[in-house]
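S.K.: Here it is: the structure, laid out below.
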Amino acid sequence: MATASGVGGHADGFGATHRTDNWWVGPVLSATLFTSWVLYYTWAALQGKYYAAGPYLSPFYAPLLFSDPTQPGSAAAAHAFFGTWPAWWPSFLPASPALFIAFFPGTFRMTCYYYRKMYYRSFFGMPPGCAVGPVSHNYSGETGLLVIQNLHRYTVYFALLLLPFLFWEALSSFYWAGHGPGVGVGSVLLLVNAILLSAYTLGCHAWRHLIGGRLNCFSCDGGAEAQHEAWTFTSWLNGRHLQFAWASLGWIFVCDVYIRLLSMGLIPDLNTWQGLSYMNGGH
Ligand code: FES
């Protein structure tokens, strides 16, 4: 029989454990997928081109604040909230509209309770798994540098603000300016994307606290029936936060790849606007 040792009865040393299952598969898979996603996103967000096709706008670029229509595969300036590309933009930075918004979903994800667990395990080994020896025993909670993680409760406001824009872009993709209403594979992809990102955002622990988690008793602490219903729904999403975190991450990647390939003329789109070219940008 294995002898318990070390802190909390765990085996001592990095990666040491009495567990007999393949505990390392989850952390290795998470690290591989997440690293691949970040590399792709960084590349795509720096491009500033091939992010729009027909009625579709890549969610990496939504909401679109400015557009440079001289770039191939860009959106029309009329689609951007503030029109054409600003002259004040520093020339040493890539002229990509994605850079205006990347900070908000980026900080929201990186401070998310689920992603913290994932990267503490997969990248820092603190610890790499339950009942598995960590790199060191010096983890002191969300203090010191990691106190910045507490900003998550504020990033959720910005993440919530982005949701209507994503739905707007998704619903707009069912109408191609100049060609009328219709539906294409891209429209469905964008609508599912907005739903999955909503499911991820509305299952946030900080949002769950705001919506009712701070109350001990709904009927006696000022909570109403509608608030209880909303909190119950958020709790349901919260219990599936891990699944929605990955599903929304993967789906937004699929949307960008699909629209990018479409914009470059490398794939066709199954849609009701047959015969129209998607190349060289969107409406
Ligand atoms: S805890 Fe994951 S988004 Fe807030």
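The values are calculated or read from the model by the stated rules, or taken from the named source; none is laboratory data. Note that this is a predicted model, so its numbers are computed, not measured. Glycine gets a Cβ as well: all are built from the backbone with ideal geometry, and neighbour counts include every protein chain shown.
S.K.: Could you check segment 214-266 and list, in sequence order, the residues that are among the polar types (S, T, N, Q), touching a residue at least 12 places away in the same chain (Cβ under 8 Å) and surrounded by fewer than 18 Cβ atoms within 10 Å (Cβ to Cβ)?
M.R.: Of all residues in segment 214-266, those among the polar types (S, T, N, Q) come to 216, 219, 227, 232, 234-235, 238, 243, 248, 263.
Restricting the remaining residues to those that are touching a residue at least 12 places away in the same chain (Cβ under 8 Å) gives 227, 234-235, 238, 248, 263.
Answer for segment 214-266, where residues must be among the polar types (S, T, N, Q), touching a residue at least 12 places away in the same chain (Cβ under 8 Å) and surrounded by fewer than 18 Cβ atoms within 10 Å (Cβ to Cβ): Gln227, Ser235.
S.K.: Please determine whether any residue of segment 206-222 is more than 29 Å from Leu57 (Cβ to Cβ), touching a helix residue (DSSP H, G or I) at 6+ places or on another chain (Cβ under 7 Å) and of a type in the set (Phe, Trp, Tyr).
M.R.: For segment 206-222, residues more than 29 Å from Leu57 (Cβ to Cβ), touching a helix residue (DSSP H, G or I) at 6+ places or on another chain (Cβ under 7 Å) and of a type in the set (Phe, Trp, Tyr): present.
S.K.: Here is a further query. Which of the following residues is touching a Ser or Thr at 6+ places or on another chain (Cβ under 7 Å), within 16 Å of Pro105 (Cβ to Cβ) and within 16 Å of the ligand (Cβ to nearest atom): Leu166, Leu160?
M.R.: On the way: Leu166 fails: touching a Ser or Thr at 6+ places or on another chain (Cβ under 7 Å).
Criteria check complete, one pass: Leu160.
S.K.: Does segment 98-106 contain at least one residue that is crowded, with 17+ Cβ neighbours inside 10 Å, at pLDDT below 95 and either of a type outside the set (Val, Ile, Thr) or over 21 Å from Leu161 (Cβ atoms) (or both)?
M.R.: No; the residues of segment 98-106 include none that is crowded, with 17+ Cβ neighbours inside 10 Å, at pLDDT below 95 and either of a type outside the set (Val, Ile, Thr) or over 21 Å from Leu161 (Cβ atoms) (or both).
S.K.: Moving on to the next point. Name the pairs whose Cβ atoms lie under 9 Å apart, with the first residue in segment 150-162 and touching a residue at least 60 places away in the same chain (Cβ under 8 Å), the second not aliphatic (A, V, I, L, M), and 6 or more positions between them or separate chains?
M.R.: Sorted first by the residue in segment 150-162, then by its partner, the pairs are Leu162/Pro63; Leu162/Phe104; Leu162/Pro105; Leu162/Phe108; Leu162/Thr201.
S.K.: Still on this model: Which residue is farthest from the chain's Cα centre (by Cα), if the candidates are limited to segment 122-132 and must be touching a residue at least 40 places away in the same chain (Cβ under 8 Å) and surrounded by fewer than 16 Cβ atoms within 10 Å (Cβ to Cβ)?
M.R.: Checking each candidate, the answer is Ala131.
S.K.: So Thr84 passes all but one of these: (1) over 30 Å from Pro128 (Cβ atoms); (2) surrounded by 15 or more Cβ atoms within 10 Å (Cβ to Cβ); (3) not hydrophobic (A, V, I, L, M, F, W, C). Which condition number does it fail?
M.R.: It is condition (2) that Thr84 fails.
S.K.: While we're looking at this one, here's another question. Taking segment 100-112, which residues are part of a helix (DSSP H, G or I), within 15 Å of the chain's Cα centre (by Cα) and more than 8 Å from the ligand (Cβ to nearest atom)?
M.R.: Within segment 100-112, the subset part of a helix (DSSP H, G or I) is 100, 103-110.
From the residues that got through so far, the ones that are within 15 Å of the chain's Cα centre (by Cα) too are 103-110.
Listed by number, the residues that qualify are Phe103, Phe104, Pro105, Gly106, Thr107, Met110.
For every residue, the table says whether it meets (1) farther than 30 Å from Gly54 by Cβ; (2) surrounded by fewer than 17 Cβ atoms within 10 Å (Cβ to Cβ); (3) over 16 Å from the mean Cα position of the chain (by Cα); (4) within 16 Å of the ligand (Cβ to nearest atom).
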| site | (1), (2), (3), (4) |
| --- | --- |
| Pro134 | yes, no, yes, no |
| Ile148 | yes, yes, yes, yes |
| Val185 | no, yes, yes, no |
| Tyr200 | no, no, no, yes |
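S.K.: For Tyr115, indicate whether it is out of contact with any helix residue (DSSP H, G or I) (no Cβ under 8 Å at 6 or more places or on another chain), in a helix (DSSP H, G or I) and within 16 Å of the ligand (Cβ to nearest atom).
M.R.: no
S.K.: List every residue pair whose Cβ atoms sit under 6 Å apart, with the two residues 6 or more apart in sequence or on different chains, where the first one lies in segment 95-121 and is touching a residue at least 12 places away in the same chain (Cβ under 8 Å) and the second, anywhere, is among the basic types (Lys, Arg) and within 10 Å of the ligand (Cβ to nearest atom).
M.R.: Listed pairs, sorted by first residue: Tyr115/Arg109.
S.K.: Quick check, is Val185 among the β-branched types (Val, Ile, Thr) and touching a strand residue (DSSP E or B) at 6+ places or on another chain (Cβ under 9 Å)? Spell out the reasoning first.
M.R.: Values: among the β-branched types (Val, Ile, Thr): yes; touching a strand residue (DSSP E or B) at 6+ places or on another chain (Cβ under 9 Å): yes.
Taking the combined requirement at face value, the residue satisfies it.
S.K.: So Phe92 passes all but one of these: (1) out of contact with any Gly (no Cβ under 8 Å at 6 or more places or on another chain); (2) buried (at least 16 other Cβ atoms within 10 Å of the Cβ). Which condition number does it fail?
M.R.: So the condition that Phe92 fails would be (2).
S.K.: Quick check on segment 122-143. Is at least one of its residues at pLDDT below 95, out of contact with any Asp or Glu (no Cβ under 7 Å at 6 or more places or on another chain), not in a loop (DSSP other than H, G, I, E, B) and not polar (S, T, N, Q)?
M.R.: yes
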